[in-house]
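**Q** Input: one structure, supplied below.
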Amino acid sequence: MPKIKVAILSGGKSSERDIALQSAKNVLQKIKQRFDIKFFDFPKDIDTFYKTHKDFSVAIPIFHGPGGEDGVIQSFLKTLDMPFIFSDVKAHAIGMDKVLSKILITKHNLLTPDYKLINTQTEFIKPVVVKPLAGGSSIGISIANNQTELDKAITTALQYDDQVLLEDYIQGQEYTVVIVEQNKKIRALPVIQIKSNNDFFDYASKYNPKLVEEICPAVISDDLAKNLQEQSIKIHQIIGCRHLSRSDFIVSNKQIYFLEINTIPGMTKKSLLPKAIKAANLDFTDLLEEWIKDLSKC
């Protein structure tokens, strides 16, 4: 029986291009023995992919940040009538927009830090986390404790987006929960506790094991772990995700605050996703195969 032909699309133009390529390389290595794989580096290979897309049964879009994790590539694939794994267009678009995702989850009685959206310098009132509206890997994110730090943080964030999110700084413990869909059922994997040596889980911490401790399963009470997992499942459903997601939280004074969702979380060997999958005694290759085979029937 011939192998299913799968196109892996990755790269992109965002500040997270290098991480996306590393994620794609890791996925390719995991499934290359089971499928007939062709890799396309976007945007360089977009014409080649367009000319040959009918040769493939399924696409795997692996992009981090704007231009790929925001539904743009997925919309392109839908116009080609080509099945693809991970979430559909709407979920990616909502997940990438930090404000829109917060609005939706708060309507379902979940907490998130107070925030406001700006596009220019503003007066310092209290400590805030400054974030580009759309983006990931903590790129362009800073904590501001005074006016000077705020001015600098906004200038930095505006390099990555024309809108900036000011989110109340909440001192607490950071956690993240990976959601996978297995046998048509949504499953929350063991909670990961993040202890960064820096002020927060920034870009340097994410990809330098010397700067962070990622504990999986987290050493926390069963009740807290259950609450984090239940909220992650609920957020996955509210946003409308498919196959995979990862939600980030901060816990302070026993209150759980949702920070953001990743609809295509990092898949490098050092990413949080493989740690959670390993802790759950799952095989990422088997999950990918399940999703691919399910969509190849479409």
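**Q** Can you compute the charge dipole magnitude of the chain about its Cα centre, using +1 on each Lys and Arg Cβ and -1 on each Asp and Glu Cβ, nothing else charged? Give it in debye, rounded to the nearest 20. Provide the component values of the computation, followed by the final result.
**A** Numbers: 38 positive and 36 negative charges, 204 e Å.
It comes to approximately 980 debye.
**Q** Where does the charge balance sit around LEU9 when Lys and Arg score +1, Asp and Glu -1, over other residues with C-beta under 9 Å from its C-beta?
**A** -2
**Q** Could I ask something else about it? Using a Gaussian network model of the chain with C-alpha springs under 10 Å, which one of ASP162, ASP222, ASP45 is most mobile by mean-square fluctuation?
**A** Highest fluctuation among the options: ASP222.
**Q** Select from LYS98, LYS126, LYS90 the residue whose mean-square fluctuation is largest in a Gaussian network model of the chain (Cα-Cα springs shorter than 10 Å).
**A** LYS126
**Q** Please work out whether segment 76-126 counts as rounded, prolate or oblate from its C-alpha gyration tensor, where a ≥ b ≥ c are the square roots of the eigenvalues and a/c under 1.5 means rounded, while otherwise a/b larger than b/c means prolate and anything else oblate?
**A** Oblate.
**Q** Same structure again: How large is the charge dipole for segment 1-77, taken about the Cα centre, if only the Cβ atoms of Lys, Arg (+1) and Asp, Glu (-1) carry charge, to the nearest 20 debye?
**A** 380 debye
**Q** Next up: Please report, in whole Å, how far the alpha carbons of the chain spread along each principal axis, starting with the longest.
**A** Principal axes ranked by extent give 63, 42, 39 Å for the Cα atoms.
**Q** Which pairs break 21 Å Cα to Cα here: LYS131/LYS275; LYS195/LYS278; LYS195/LYS269?
**A** LYS131/LYS275
**Q** Which of the three applies to segment 1-90, rounded, prolate or oblate, going by the alpha-carbon gyration tensor with a ≥ b ≥ c and a/c under 1.5 meaning rounded?
**A** oblate
**Q** Have a look at GLY68, LEU259, MET82 and report the one farthest towards the positive end of the charge dipole of the chain, computed about the Cα centre with Cβ charges (Lys/Arg +1, Asp/Glu -1).
**A** MET82
**Q** Run the numbers on the chain and let me know its relative contact order in percent, using alpha-carbon pairs under 8 Å that are six or more apart. Mind showing how you got there, number by number?
**A** Numbers: 604 pairs, mean separation 60.0, N = 298.
With pairs under 8 Å counted, the relative contact order is 20 percent.
**Q** OK, next. How high is the relative contact order of segment 1-130, in percent, with contacts defined as C-alpha pairs under 8 Å that are six or more residues apart?
**A** Relative CO of segment 1-130 lands at 24 percent.
**Q** Could you please state how large a percent of the accessible area of segment 1-125 is carbon and sulfur, counting protein chains only and using a 1.4 Å probe? Kindly include the intermediate steps, with their values, before the conclusion.
**A** Values: 3260 of 6260 Å².
Of all accessible area on segment 1-125, carbon and sulfur atoms account for 52 percent.
**Q** Also: Any chance you could look up the accessible area of PHE39 with a 1.4 Å probe, heavy atoms only, rounded to 10 Å²?
**A** 70 Å²
**Q** To the nearest 0.05, what FRET efficiency results for ILE103 and LYS184 with a Förster distance of 35 Å applied to their C-beta separation?
**A** Details: r = 29 Å, r/R0 = 0.83.
Computed FRET efficiency for ILE103 and LYS184: 0.75.
**Q** Work out the charge dipole of segment 42-186 with +1 on the Cβ of Lys and Arg and -1 on the Cβ of Asp and Glu about the Cα centre, then indicate which of TYR169, PRO132, ASN109 is farthest towards its positive end.
**A** ASN109
**Q** Can you check what the net charge comes to around PRO190, using other residues whose Cβ is under 11 Å from the Cβ of PRO190 (Lys, Arg +1; Asp, Glu -1)?
**A** Local charge sum for PRO190: +3.
**Q** Taking only DSSP H segments of four or more residues, each worth -39500 (n - 2.57), what value at 222 nm results for the chain once the sum is divided by all its residues, to the nearest 500 deg cm²/dmol? Show your work: numbers first, answer last.
**A** Details: 10 runs with 101 residues, N = 298.
Per the formula, -10000 deg cm²/dmol.
**Q** If you roll a 1.4 Å probe over the heavy atoms of the protein chains, what accessible area per residue do you get for segment 229-269, in Å²?
**A** Result: 36 Å² per residue.
**Q** A further question follows. Ignoring ligands and nucleic acids, what accessible area does PHE76 show with a 1.4 Å probe (Å², nearest 10)?
**A** Result for PHE76: roughly 50 Å² accessible.
**Q** How far is the Cα center of segment 117-186 from the Cα center of segment 246-271, in Å?
**A** Between the Cα centres of segment 117-186 and segment 246-271 lies a distance of 13 Å.
The values are calculated or read from the model by the stated rules, or taken from the named source; none is laboratory data. What you see is a predicted model; the values in this text were computed from it and never measured. We place every Cβ from the backbone using ideal geometry, glycine too, and count neighbours over all the protein chains shown. Just so you know, the surface numbers come from the protein's heavy atoms only, side chains and all, with ligands and any DNA or RNA stripped out. Shrake-Rupley method; radii C 1.70, N 1.55, O 1.52, S 1.80 Å.
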